[in-house]
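The values are calculated or read from the model by the stated rules, or taken from the named source; none is laboratory data. Predicted model only: the values in this text are computed from it and were never measured. Virtual Cβ from ideal backbone geometry, glycine too; neighbours counted across all protein chains shown.
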Ligand SMILES: Nc1ncnc2c1ncn2[C@@H]1O[C@H](COP(=O)(O)OP(=O)(O)OP(=O)(O)O)[C@@H](O)[C@H]1O
Ligand SMILES: [Mg+2]
């Protein structure tokens, strides 16, 4: 398979008991491409992300990353393979501060021969956090504050800074601007544009039509666990997308599964 | 110092206003309690001008009443060693009820490899095994005891982390199992007369030395190592910890193992101090250890608290126990008062949490 294809899934499926949250998803994206996933609540968008990132084990189907078939045992594997994710649940530890959260699970350390008791390099992590926040222009009043004491938007900024601070082969953001104010949303959109300029591929899950049409190259629509449309930005508009989301329309190539 | 303030639209951070560490509250409580006992000693008619912690007789060579201070720290040291481990378990939002009986079981097992062959020229009357197990180097019973503890901890951790048994139930089961092991080991008979080197481990102020040394080590571990960071992360948000790539299950097993190894060590020190091991040892130790942690500000919902807090919690319990004896109050009142204090500590913790969120 071509190295040009960043991510490909074939028949990717996840059932929770009787709930068919994701059914036969065939998905493909190329180098440098920014793809949006849209769909109503419960359409299976986050489920799709969880199968790719090893958070859950899929019911069936195959996933390739840069041409290699992958089967991640856990989120750490996915991250080591170069997938950075902002989960919808944010996945932050409330009692830890910003640098701790940015580096959770991949701490900068020294005296590594101590194994699990290796020492944390707080200074380096704090510096890298400040650099990362400066580069992404994310504003946090005080990085030594615990996450618990932050507003919803600030927490979201921390989660986004966590992915944007590390270079990755594929970035996934699940509703990154859901709780953000106007300014913060603009910041996140700028981060996404920076990734685009740097040629880093991105999957963006969002309910915000303007944002999606502004930022991405292609839009994939999920409905009731299935992919129902794959639209180039130039060949579609807001109304068209809404028609797919609500089920008024279904893409021709997906007709056979239509309910 | 690097710039840690990122001022943003009207939100600026006042660096001079550092948050008040919870440990200071406990220290304050400790001082208030001491002052209360001091006051009762001074003014209560039946006390005749005694002092609780200060020296009243030989004022020239010392300020404090060392004898009472020694008793206080000695009383809490062994349970305090257990509390250091239980603190870590509670920080992961777990609980360990098995530590008291584990103390007894480990005391029995370790002591039976620490016996001396001849007592006053006569064969050891409490000998459990043949002469092959007599007069072994002290390292043998210690390693056997700690290995036993590690095994129990590994089982606790496996049940909690891999089989998803609630920690309360898993360790309650282990509570009974360990007490059973302690009784079964020698058929209910005490095991006594250790070698001199084994007896040294818990002699004099040695329990306090162990407690302080281990407290320092684990405070440093919890603050400055990956192990500590991950322990807090798991208690804060287990799902987030997992999504961040922490091997949560393996880590939990490690935490329960460390807690049980510390409890086993407490059993070794206790049997050494008493020069005997009995199946009924360590009764209520698990509860007092949990109480020390809770009084020390360790949140039962996980994620918050420190080893220093637990050490202060241990001191609070010790001072209260000794203080009640000092003002000549009956043991029954001591239990009631300690119960009330534990409940008060939990209420305080919930209050703090509500104010924070
Ligand atoms: N762990 C789970 N167990 C059972 N059902 C689940 C689980 N996770 C998700 N589901 C179900 O799977 C379906 C898809 O959920 P998913 O979270 O993927 O939706 P989504 O498209 O991300 O929606 P939203 O826009 O609200 O985030 C829903 O019907 C949901 O109830
Ligand atoms: Mg979702």
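One table, with the values for the structure above:
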| item | result |
| --- | --- |
| Checking residue A:186 against (1) under 25 Å from residue A:241 (Cα atoms); (2) under 14 Å from the mean Cα position of the chain (by Cα); (3) more than 16 Å from ligand 2 (Cβ to nearest atom), the condition it does not meet | (2) |
| Residue check, residue A:36 within 16 Å of ligand 2 (Cβ to nearest atom), at pLDDT 95 or above and on the phi < 0 side of the Ramachandran plot | yes |
| Residue identified as in contact with a helix residue (DSSP H, G or I) (Cβ under 9 Å, 6 or more places away or on another chain), within 18 Å of residue A:49 (Cα to Cα) and more than 14 Å from ligand 1 (Cβ to nearest atom) among A:205, A:219 | A:219 |
| So residue B:233, is it surrounded by 21 or more Cβ atoms within 10 Å (Cβ to Cβ) and closer than 30 Å to residue A:147 by Cα | yes |
| Answer from B:256, B:198, B:227 - the residue that is within 11 Å of chain A (Cβ to nearest Cβ) and in contact with a helix residue (DSSP H, G or I) (Cβ under 6 Å, 6 or more places away or on another chain) | B:227 |
| Considering residues of region A:198-208 that are away from ligand 2 (no atom under 14 Å from the Cβ) and more than 10 Å from residue A:36 (Cα to Cα) only, the residue farthest from the other protein chains (Cβ to nearest Cβ) | A:199 |
| Complete set of residues in region B:240-253 that are surrounded by fewer than 20 Cβ atoms within 10 Å (Cβ to Cβ) and facing chain A (nearest Cβ under 7 Å) | B:245 |
| Unique match (being touching a residue at least 40 places away in the same chain (Cβ under 8 Å), crowded, with 20+ Cβ neighbours inside 10 Å and more than 14 Å from every other protein chain (Cβ to nearest Cβ)) among B:306, B:322 | B:322 |
| Selection status of residue A:210, within 18 Å of the chain's Cα centre (by Cα), modelled with pLDDT of 90 or more, assigned to a helix (DSSP H, G or I) and more than 22 Å from residue A:26 (Cβ to Cβ) | no |
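Condition check ((1) in contact with a strand residue (DSSP E or B) (Cβ under 9 Å, 6 or more places away or on another chain); (2) surrounded by fewer than 21 Cβ atoms within 10 Å (Cβ to Cβ); (3) within 11 Å of chain B (Cβ to nearest Cβ); (4) in a helix (DSSP H, G or I)) across all residues:
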| residue | (1), (2), (3), (4) |
| --- | --- |
| A:144 | yes, yes, yes, no |
| A:148 | no, yes, yes, yes |
| A:158 | no, no, no, yes |
| A:163 | yes, no, no, yes |
| A:167 | yes, yes, no, no |
| A:177 | no, no, no, no |
| A:189 | no, yes, no, yes |
| A:192 | yes, no, no, yes |
| A:196 | yes, yes, no, yes |
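Matching residues to (1) surrounded by 22 or more Cβ atoms within 10 Å (Cβ to Cβ); (2) at pLDDT 95 or above; (3) within 16 Å of ligand 1 (Cβ to nearest atom):
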position	(1), (2), (3)
A:25	yes, no, yes
A:30	no, no, no
A:41	no, no, yes
A:55	no, no, yes
A:68	no, no, no
A:80	no, no, no
A:86	yes, no, yes
A:92	yes, no, no
